[in-house]
Amino acid sequence: MRSALAALIFDLAARFPLGVLHRLGAMLGWATYAMSGTYARRMRENLGYAMTGRTGQDMRRILNASIAEAGKGVAELPWLWRRPAAEVAGSIKVCHGCEHVEAARAQGKGVIFLTPHLGCFEVSATYAAQRIPITVLYRPPKLAWLEPLMRGGREHGQVSLARTDLGGVRLLFKALKRGEAIGLLPDQVPGKGEGEWAGFFGRPAYTMTLVGRLVESTAAAVIMAYAERLPRGAGYVIHLAPLEFSPGQPATAQINAALEKLVRACPEQYLWSYNRYKTPAGIEPPEQSETVQA
């Protein structure tokens, strides 16, 4: 019943133009920031750690923009999940770096898209699926009745989903072996035994080791990706950049350094409210005095 009601609400919301949803989302973002002290504090702290050296005025500008953009990320979900996939893909106005995907495919390689909590990460897989089959790793929502809505919105056409468990990881390996693509959120905090501490903007962040294992086993190409949200609901711009690992350095540190570069290019659209520095259950926390270089 709850799933059906949520689907009905999403269907109704999806009828609105994307620009209207973004305006409503900006208001939602500010309402959430005003009502939740924990949410607001985490946004300010994470932004402050990452953007050291910026002027106070610039920091405030980025914070104000990110508050609104976080709300837009929620409000646009009905449009992304319930509109036809071709229409959603058509909202991509341009793709910078698509030649890197074509180069990998020409060599017969699978492609690992690393899409952080930056911009509209939901739309990236839909766009990629217009060109190549893609399997996206996802963490089931805590509210079980939301999962059918999530899967229905994300799994269509050439997009498949894989849960964050052993079976899901096997699906990722198989997809890469077939020369297909997979999508991961590299700044999502993994569970016990699935990560290691690595620097992210100078602070220890528990970072997934899965990417390094996938590359070692499949020789897949790694491409950093994010979809920049354009103003006034005008659509999105895809940004792609290859990541080649250097020997002798942990893959997790190199991934986080690449993530930092993406975030610095578009700090207004990073999800600063995400609890990136939490210690997962059963994991020994890093030394508080430790300074980690990404």
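Only the coordinates and a few stated rules stand behind these numbers; no lab work does. Quantities reported herein were computed from a predicted structural model and do not represent experimental measurements. Cβ coordinates were reconstructed from backbone atoms using ideal geometry, including for glycine residues, and neighbour counts include every protein chain displayed.
Whole angstrom only: what separates the Cα centroid of segment 1-68 from the Cα centroid of segment 70-139?
The two parts, judged by their Cα centres, are 21 Å apart.
Roughly speaking, what is the stretch gain from residue 106 to residue 12, that is 0.36 nm per residue apart minus the C-alpha to C-alpha distance, in nm to one decimal?
29.6 nm
Normalised by the residues of the chain, what does the relative contact order come to in percent, with Cα pairs under 8 Å and at least six apart?
About 25 percent, as a whole number.
Let a ≥ b ≥ c be the square roots of the eigenvalues of the Cα gyration tensor of segment 70-124; is it rounded (a/c under 1.5), or, if not, prolate (a/b larger than b/c) or oblate?
Here segment 70-124 falls in the prolate category.
What is the local net charge at residue 104, summed over the other residues whose Cβ is closer than 15 Å to its Cβ (Lys, Arg +1; Asp, Glu -1)?
+1
Of the beta bridges DSSP finds with both residues in segment 2-269, what % are antiparallel, to the nearest 5?
Here the antiparallel bridges make up roughly 40 percent for segment 2-269.
Only sites in a loop by DSSP and with at most 16 other Cβ atoms within 10 Å count here; which trypsin sites (Lys or Arg not before Pro) in segment 32-75 make the cut?
Those satisfying the criteria are 54.
In segment 1-32, what trypsin sites (Lys or Arg not before Pro) fall in a loop by DSSP, with at most 15 other Cβ atoms inside 10 Å?
15
In nm, to one decimal, how far is the modelled label at residue 166 from the one at residue 257, with both set 7 Å along Cα→Cβ?
Rounded to a tenth, the inter-label distance reads 3.5 nm.
P(r) for segment 2-269: what percent of alpha-carbon pairs falls in each 5 Å bin, starting at zero?
Using 5 Å bins, I get a P(r) of 1, 6, 12, 16, 19, 19, 14, 9, 4, 1, 0 for segment 2-269.
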